[in-house]
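Below you'll find the structure, written out as structure tokens, and then a few comments.
Values quoted throughout were computed directly from the atomic coordinates according to the rules given, and no laboratory measurement underlies them. Owing to the predicted nature of the structure, the values given are computational and were not obtained by experimental measurement. FYI the Cβ positions are ideal-geometry reconstructions off the backbone, even for glycines, and counts take in every protein chain you see.
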DNA sequence: CCCCCTATGTGACCACGTCACATGCCTTTC
DNA sequence: GAAAGGCATGTGACGTGGTCACATAGGGGG
């Protein structure tokens with residue numbers, strides 16, 4: 001797949017913008033790589049082409065919480081923040097799979113913003129989407145119980161076979177709690193018969209029960 | 001003060017944008033009024049002229065948490081979200097003081113966005129700022145102790161005389177916890193000699209001690 | 001087969017949120 | 001000015017969640 005094929009996939013981009021973007025060369029990033037970390041200066045606007053990047057907020061004691069996941073075609077909002085507000089990164093982004101992305105330099109970014117309505121819509125839209133999901137996150141963290149968040153996580157990340165391949169530590173990060181808590185909650189759910197779990201895998205046994213847990217403590 | 005005087009205060013607006021905005025008439029809002037609430041559709045882009053508006057997220061059990069405060073010259077990001085993403089409001093905004101604001105209708109908003117670089121900067125800037133503060137909020141809520149958040153609140157909302165006029169219930173809302181917790185924490189702080197408190201008022205006695213609490217559990 | 005690294009289980013303990021009341025203080029109303 | 005009602009606050013009990021300090025356990029690689 002060429003990079004140009006990908007610019008085609010970015011919705012709503014007009015021809016001039018696309019032409020400009022096609023002059024930039026994409027960047028390959030290996031799995032596990034850290035794209036940026038707290039305190040680093042922002043170099044440009046980042047658009048994902050393929051792969052999966054997770055952005056986490058890191059706490060002082062090593063605990064961290066997943067802010068959002070960046071999928072292909074989306075951009076990493078952290079960079080927008082930095083470009084528009086002038087602040088450095090406060091979060092950390094890691095590639096969960098090998099990824100390909102373009103970095104649009106600062107001046108090109110601003111030029112595009114002024115000249116291309118399509119690009120503006122792209123940036124704004126991404127912004128709005130992230131903001132929405134951040135509010136959702138705040139809502140979840142402050143009003144939902146750990147059990148409900150865990151049930152939700154299991155439901156929407158497990159495959160069609162009902163299997164979820166994550167370690168407890170990863171789950172803890174994803175919902176913003178501690179690993180030990182996950183351990184106890186999984187035990188409880190397993191005892192109730194709604195899931196089964198072994199090293200690195202959780203299997204959904206009773207989808208209905210999990211749904212009940214999610215809605216029970218949420219609203 | 002006329003409304004036109006206020007458009008002058010909005011930084012970076014170009015003449016055409018200002019002219020367009022001046023055709024809109026401002027709106028007066030009494031103290032305590034609810035500007036919008038969850039589920040309501042977004043009618044336009046809101047810019048504050050004077051007064052103070054707080055935006056809260058409301059939990060299912062009645063508990064709520066302060067997302068951000070909108071000061072004069074700033075805009076309410078919730079409306080931007082709605083306009084760009086098409087979603088309804090998920091939070092509630094209340095006027096903490098009598099306020100004056102303009103509502104820029106949907107089409108005018110988009111026209112301005114396309115035609116005025118200054119307006120774009122305004123909208124983008126506000127967006128970035130809010131996003132940043134939301135991330136800060138997530139960080140605080142998930143990594144800082146209640147005591148640290150309370151100390152921080154007292155420090156930055158108390159007047160030069162060291163007095164903070166808020167009820168415990170209001171403080172609880174502001175930092176996203178329950179009133180009872182505030183009661184116990186205040187007692188503890190008072191016992192330690194760092195503050196004094198009576199019905200509706202908290203007085204700072206030992207600013208240094210409070211600062212220590214803030215940084216102690218934060219980083 | 002042993003070693004080491006990673007994933008997981010557990011008990012103790014403290015901070016926090018919730019519930020159910022008990023005061024206490026101020027204002028309205030007769 | 002005394003009674004009444006409403007709001008602000010104090011308090012105990014109890015369950016959940018986060019942290020610490022370990023104990024196991026599983027799975028390679030040497």
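Observations, loosely collected:
- Angle in degrees between helix A:179-192 and the longest Cα principal axis of chain A, rounded to the nearest 10: 50 degrees
- Distance from segment A:186-209 to segment B:96-156 (C-alpha centre basis), Å: 41 Å
- Shielding by other protein chains, B:195-204, mean Cβ within 10 Å: 0
- In terms of its C-alpha gyration tensor, the protein assembly as shown comes out oblate, because a/c is 1.5 or above while a/b does not outweigh b/c.
- Counting, for every residue in A:58-67, the Cβ atoms of other protein chains within 10 Å of its Cβ and taking the mean gives 3.
- Comparing A:199, A:18, A:185 in a Gaussian network model of chain A where C-alpha atoms under 10 Å apart are linked, the largest mean-square fluctuation is found at A:199.
- With label points set 7 Å from Cα along Cα→Cβ, the inter-copy distances at residue A:96 are 3.7 nm, sorted shortest first.
- Interatomic Cα distance distribution for segment A:110-167, bins of 5 angstrom, percent: 4, 15, 13, 14, 14, 12, 10, 9, 8, 1
- When the helices of chain A are scored as -39500 (n - 2.57) per DSSP H run of n ≥ 4 and the total is divided over every residue, the value at 222 nm lands at -15000 deg cm²/dmol.
- Working from label points 7 Å from Cα in the Cα-to-Cβ sense, the residue A:97 to residue B:169 distance is 5.1 nm.
- Over segment A:40-148, the fraction of Cα-Cα pairs per 5 Å bin, rounded to whole percents and listed from the shortest bin up, is 2, 11, 19, 24, 20, 13, 6, 3, 1, 0.
- Copy-to-copy label separations for residue B:211, where each label sits 7 Å from Cα toward Cβ, in nm and ascending: 5.6
- Choice from B:168, B:132, B:74 with maximal GNM fluctuation in chain B (Cα, 10 Å cutoff): B:132
- Cα gyration tensor shape of segment B:144-218, rounded if a/c is under 1.5, else prolate or oblate by comparing a/b with b/c: rounded
- One equal scatterer on each Cα of chain A, no solvent, Debye formula: the resulting log10 I(q)/I(0) at q = 0.10, 0.15, 0.17 Å⁻¹ is -0.52, -1.01, -1.17.
- For chain B, modelled as a GNM whose springs connect Cα atoms under 10 angstrom apart, the maximal fluctuation among B:142, B:25, B:133 occurs at B:142.
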